[in-house]
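Nothing in this text is a laboratory measurement; each read-out follows from the coordinates by a stated rule. Please read these numbers as outputs of a predicted model, since none were measured by experiment. A quick note on method: Cβ atoms are made from the backbone with ideal geometry, for glycine too, and the neighbour counts reach across all protein chains shown.
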Amino acid sequence: MSAFTAINLERLPAPEIIDRKDFETILAEIKAWLVARDPSLAPIMGLESEPITKVLEAWAYRELLLRAEIDDAGRGNMLAFAGGAQLDHLAAFYGVERAVIQPADPAALPPVPAVLEDDVRFRSRVQLALEGFTTAGPRGSYVFWGLSASSLVKDISVESPSPGQVLVTVLSDEGDGSGHAALIQTVSDKLNDEDIRPLTDQVIVQGASIVPYQLEAVLTLYEGPDADVVRAAAEASVSAFVWDQHRLGHDITVSGLHAALHLAGVQKVTLVSPGADLEVDASEAAYCTSVSVTVGGRDV
């Protein structure tokens, strides 16, 4: 956790750019529009065998699709919903470019395209872009520039242990997240740039302290569902959860693990490890070294 709280874009409700009417409503409106102009058409409007009925249904269906396209296009201009090239153009307005994780190799056979920063990380940096318009005095500004220093930076936390001193902790996207010396130096160089760091700040950059743990869970299933399917789904769910919680200051809670494991078909979750909440501070990140999910039996 960066200790900087930005708006959670995932929780924003999807806006309705245009009224998303259903097919029957659109068809009824088209029929009413035609009858108002030629009342003699009314008797045949309800006959499915009439060619005009098929034409009107096709018309209504096309309008239904068009309304959906307009709605999607409108949402694509909003940071919470933009993706791909639309997100790139939206970011350009703030002067932010998508990071290159691995450069392209056009000389290879076949040519290897560049590996670029994914939409989720890129979107979070764009959201922080306004913080970067100041020098790195505010916490959000340090977070923005720290994330922008390298595509290998997964998370940043910022603390001030004493007046004038800024302690920045870097969590890497590689391995357990502790970060190699070169990455720490890259972030340090970025944050100590004269155009970013306030003159009176002493910026210290350190790697994250990693708290390793193992996940072991036993599932009791209801009668019926295929055990292998349920186990695989639960393992995938909890693996995604622990990866997402691999952040600075993010505690690993027993309740969170139970929620990730308790999918459809699961009657009970017995969590063998960890046996209690794993609490970490802003300079620490919990890292799951192994995931073991087994089926221990069935119950009604």
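Things to note:
- Estimated purely from DSSP H runs of n ≥ 4, each contributing -39500 (n - 2.57), the mean residue ellipticity at 222 nm for the chain is -11000 deg cm²/dmol once divided by its residues.
- Of the peptides 117-126, 191-200, 170-179, the order by per-residue mean of other Cβ atoms within 10 Å, starting with the highest, comes out as 170-179, 117-126, 191-200.
- Put simply, when 94-100, 221-227 are sorted by average Cβ atoms within 10 angstrom per residue, most first, you get 94-100, 221-227.
- Rounded to whole Å, sorted largest first: equivalent-ellipsoid semi-axes of segment 79-215, Cα gyration tensor: 27, 20, 15
- When semi-axes √(5λ) of the Cα gyration tensor in Å is calculated for this entry, the matching label among (1) 35, 26, 19; (2) 47, 32, 18; (3) 69, 19, 14 is (2).
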